[in-house]
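Derivation of every value follows stated rules applied to the coordinates shown; laboratory data play no part. Quick caveat, the model's predicted, so the values are computed rather than measured. Cβ sites come from the backbone with ideal geometry, for glycine too, and all protein chains shown count toward neighbours.
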Amino acid sequence: MNIAVVGSGYVGLVAGACFAELGHDVYLVDNDPKKLAVLESGGVPIHEEFLPKLLAKHRGKRIKYTGDLGAAVQASEAIFVAVGTPPTKQGDADLSYVESVAQGVAGAINGYKVVVEKSTVPVYTNEWIRKVMLLNRIAPDLFDVCSNPEFLREGTAVTDFLYPDRIVVGANTDKAMEVMRNVYKPLTDGSYYKQKDIIPAPKNAPPIPPPLIETSAKSAEMIKHASNAFLAMKISYINAVACMCEEVGANIEQVVAGVGSDIRIGPRFLAPGVGYGGSCFPKDVLAFRSVARDCGYDFNLLDEVMKINEEQRQRFLRKVRSALWTLRGKRLAVLGLAFKGGTDDIRDSPAIMTVQALLREGCNIRAYDPAAMDRAKEELPSSVEYASDPYDACKDADAVLILTEWADFANLDLKKLYSVVRYPIVVDGRNLYKRQVMKSAGFTYHSVGRETIAPDDPSIEAEHARNAGA
Ligand code: UDX
Ligand code: UDX
């Protein structure tokens, strides 16, 4: 099929590349000439495994880049809208880009088209797009508007697209649903997975072929917000339990093992830490909250989810302060700037916010991140130093802070780390290490939801012995 994808960002670019991989002819549209130039010259503006391979494989063949929305619309049967839906100051989703694309489609339409919402949009957006098309005097039988929310996680977006738990399509006519069935047919009939040279399945991949869940447009819009908000809630929930563990002296690692082994709960998305970030959870929880308010339902639970998440960052800062007594002038090594491991994205990154707070306290920061340093440099003041590797970041550090769950940071050579730091203190915001491992390597180790552990201190041991003897 001929497909247009409007918006070559984190979602549009991956969706376009994967549609081409499924055998469709794709027009990737963007209104940013710089971004188009990078893409046309073979560049890949985002850090996604397998994306460079797919773009190289299909560029100029099944993928055409263009700034001309009208031409792409006229050549396509389905137009996927994947433009940004950033939060406004009031917290609801800014749909102005979606509206401008709908107007662009209306201006070019030359036959029946399916307009597909790919960006995360609040419920009712489907109806608004329909209204925009009708206002532009497009006959109702010339188009349908569908919702096809994405569940892509950054860093694994390509495999999330090709090996999804489910594909959700919301359509209000059979004609439109039929078009959408054809778009995803190579996945739902399993034929893609039988081809040679395909993208390999990720570990613990869901069963293939994936189910196609057909719903109304409103339900599909609701599924996206409800899913993201639930995942964010699950993270805030386990972070709240981690705070309880710190108060009572329990160990969150053991609690997660016990709770997560219940198949109704599951072990995933139960990793406590500095809290969630990224361009989706914070924005989607806020948007879902504001949609709820608009439709007259007071979804207070979502306020708590956001409050716990914010509090988690404050607690981490207090942990750093308690580890170092005073912060002003201290040299801190920061491992991790991206909002999560595996990506270069720093949008709403807890690591960036923590670094900004520590700079305000007068700390000197030397940071390392495998992928996000260039983007961080645009965001952070020039006083922040950037290192070439984790050990370079930790040279003469008064403490090492782990803020992003990169695999690289979970397997450091602790002997080497001990030899470069000034004080052997680690404050781990992502619980990447067993406490005993850190203690045996000579570190005082602070983490989330577990007691601090320190190398045996002879004076404290002697005091214990004296007290025991008393
Ligand atoms: C977007 C939404 O922000 C998010 O809510 C949803 O979950 C997925 O789609 P993302 O792809 O990260 O996320 O957006 P972004 O990276 O900002 O990319 C949007 C692209 O659309 C940019 O390349 C921008 O240049 C382009 N764009 C924006 C257009 O082509 N036309 C417009 O009118 C506006
Ligand atoms: C999320 C959703 O997972 C995805 O389905 C949706 O389409 C977009 O938003 P993403 O934001 O890319 O994907 O990353 P995700 O892996 O969900 O992590 C989000 C944040 O939660 C990160 O800051 C991560 O560090 C944090 N997180 C995740 C935790 O703190 N604990 C966890 O157990 C899992």
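Summarising the overall dimensions of the range 158-310 from its C-alpha atoms, the Rg and Dmax are 18.9, 59 angstrom.
Relative to the longest principal axis of the Cα atoms of the chain, the long axis of helix 125-135 lies at roughly 30 degrees. Summary of the geometry: the range 357-434 and the range 182-223, compared by the centres of their Cα atoms, lie 39 Å apart. Compared with the dominant Cα axis of the chain, that is its longest principal axis, helix 350-360 is turned about 50°. Extent along the principal axes, Cα only, for the range 56-111: 43, 31, 17 Å, with the longest axis given first.
According to the square roots a ≥ b ≥ c of the eigenvalues of the Cα gyration tensor, what is the shape class of the range 1-82, taking rounded for a/c under 1.5, prolate for a/b larger than b/c otherwise, and oblate for the remainder? It comes out oblate by the Cα gyration axes. Using only the C-alpha atoms, the convex hull of the range 2-215 corresponds to 119 Å³ per residue. Here is the P(r) of the range 399-468: all C-alpha pair distances, binned every 5 Å from 0, give 4, 16, 26, 24, 14, 8, 6, 3, 1 in whole percents. The packing ranking, built from the mean of other Cβ atoms within 10 Å per residue, places the peptides 235-241, 92-98 in the order 235-241, 92-98, highest first. Among rounded, prolate and oblate, which fits the range 58-184 when a ≥ b ≥ c are the square roots of the eigenvalues of its C-alpha gyration tensor, a/c under 1.5 means rounded, and a/b larger than b/c means prolate? Verdict is rounded for the range 58-184. Of all lysines in the structure, those lying under 18 Å Cα to Cα from LYS34, and not within fewer than 8 positions of it along the same chain, are LYS64.
With all projection directions averaged, the alpha carbon convex hull of the range 113-196 covers 6.6 nm². Computed from the alpha carbon positions, the gyration tensor of the range 216-470 leads to an equivalent ellipsoid with semi-axes of 34, 24, 16 Å, biggest first.
For the range 220-334, the alpha-carbon radius of gyration amounts to 1.24 times the rule-of-thumb value 2.2 N^0.38 Å expected for a compact globular protein. Against the compact-protein benchmark of 2.2 N^0.38 Å, the Cα-based radius of gyration of the chain scales to 1.09.
In terms of the Cα gyration tensor, with a ≥ b ≥ c the square roots of its eigenvalues, is the range 153-192 rounded because a/c is under 1.5, prolate because a/b exceeds b/c, or oblate? Verdict is oblate for the range 153-192. Against the main long axis of the alpha-carbon atoms of the chain, helix 217-248 sits at an angle near 0°.
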